[in-house]
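Have a look at the structure below, then the notes.
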């Protein structure tokens, strides 16, 4: 028998909890700052801690850049503010919760 999701009660292969969690999250803030040697770094904060590793990996792949996660904030090398918003929307995050500063 298939595993059952404890949240929604559906089998795990058709579970939609992760999609629903993305839609009901708090605000996601995307902004840039200058880092060491006057390099621009794009920061994405407000992603759930259980989704942050997967989201970081997908953002780095889609934007073709390096990056890391520090203190629940995704750091991407380069200025990717607008492209990061498009990539997050492509991953299923709602446009209304993404705030580009």
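Across segment 73-95, which residue is farthest from the chain's Cα centre (by Cα) among those that are buried (at least 18 other Cβ atoms within 10 Å of the Cβ) and assigned to a helix (DSSP H, G or I)?
To start, the set of residues in segment 73-95 that are buried (at least 18 other Cβ atoms within 10 Å of the Cβ) comprises 74-76, 80, 83-85, 87-88, 93.
Then keep just the ones that are assigned to a helix (DSSP H, G or I); that gives 83-85, 87-88.
Details: 83: 12, 84: 9, 85: 9, 87: 9, 88: 6 Å.
Selected residue: 83.
Somewhere in segment 10-27, is a residue modelled with pLDDT of 90 or more and within 19 Å of residue 98 (Cα to Cα)? Please lay out each step first, then the result.
Step one: of segment 10-27, the residues modelled with pLDDT of 90 or more are none.
No, the conditions are met nowhere in segment 10-27.
Only one of (1) in contact (Cβ under 8 Å) with a residue 40 or more places away in the chain; (2) part of a loop (DSSP other than H, G, I, E, B) is not met by residue 48, so which one is it?
(1)
Filter segment 28-45 for residues that are in contact (Cβ under 8 Å) with a residue 12 or more places away in the chain and either in a strand (DSSP E or B) or surrounded by 16 or more Cβ atoms within 10 Å (Cβ to Cβ) (or both) and give the result.
Listed by number, the residues that qualify are 28, 29, 30, 31, 32, 40, 41, 42, 43, 44, 45.
The values are calculated or read from the model by the stated rules, or taken from the named source; none is laboratory data. From a predicted model like this one, the values you see are computed outputs, not experimental measurements. Counting neighbours? That spans all protein chains shown, and the Cβs are built from the backbone with ideal geometry, glycine included.
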